[in-house]
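Written out below as structure tokens is the structure these notes cover.
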Amino acid sequence: MPLLELFLTFLKIGAVSFGGGYAMIPLVTDEVIAHGWLTAEEILNFIAVSESTPGPIAINMATFVGASQGGILGAMLATLGVVLPSFVIILIIASVIKGLLKFAGVKAFLNGLRPVVVGLIVGTAITMFLSVILSLNTVYEQVTFDWKALVIFFVAAITHFVYKKITNKNVSPILLIIISALLGMLFYGVL
């Protein structure tokens, strides 16, 4: 697997993605599967690990995919590729254009992007739900219900809502990750 292809793929992802890491997940998924680097199940695992580790999810995903395909150099090149476009754009905006948000065209552009970003995030959530809970990655696959994953999902959701109701604060994502990991180990046979 040529390292240049890895770098250019993540450079493209970084250049055309708006809305942060969660909005990038569909594009990363499509590109990685199209290149045959990972399967849909492996990507779901990478997303789970990327979400569970410190740092932005898009950078973590790029690093993990790069490492899986090209070792340390692959991880560095994929990470550089996904970060470089945003870095250059922000550097230009910060140094050249002052008060950019006061222009009506810029406001209209950003207002137009918001619904797309929300749609990408919701689409990613639905896709992950269908894959994890129903083991459904394509429309041609048979649905296999995973009650264990659904129980873990509901325990995490109930923990979040009960904690918020009692304390008026959001529960720590770290606590939810630990609870989910322990339940996963219990349900899937490690404990």
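The values are calculated or read from the model by the stated rules, or taken from the named source; none is laboratory data. All figures in this text were calculated on a predicted structure; none of them were measured in a lab. Quick reminder, even Gly has a Cβ in these numbers, built from the backbone with ideal geometry, and neighbours come from all protein chains shown.
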- Filter the range 7-24 for residues that are surrounded by 22 or more Cβ atoms within 10 Å (Cβ to Cβ) and over 12 Å from the mean Cα position of the chain (by Cα) and give the result. Phe7, Thr9, Phe10, Ile13, Gly14
- Query: (1) within 28 Å of Phe153 (Cβ to Cβ); (2) at pLDDT below 85; (3) among the polar types (S, T, N, Q); (4) over 13 Å from the mean Cα position of the chain (by Cα): which one isn't true of Ser50, the others all being true?
  - Reply: (4)
- Of Ser135, Ser172, Ser131, which residue is of a type in the set (Gly, Ala, Ser), at positive phi and surrounded by 10 or more Cβ atoms within 10 Å (Cβ to Cβ)? Ser135
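Can you tell me how many residues within the range 74-118 are surrounded by 11 or more Cβ atoms within 10 Å (Cβ to Cβ), among the hydroxyl-bearing types (Ser, Thr, Tyr) and over 18 Å from Ile13 (Cα atoms)? Step through it out loud before you land on a result.
Pass one, the range 74-118, residues surrounded by 11 or more Cβ atoms within 10 Å (Cβ to Cβ): 74-89, 93, 97, 100, 103, 106-107, 109-110, 113-114, 116-118.
Then drop every residue that is not among the hydroxyl-bearing types (Ser, Thr, Tyr), which leaves 79, 86.
Cutting the leftovers down to over 18 Å from Ile13 (Cα atoms) gives us none.
Matching residues across the range 74-118 total 0.
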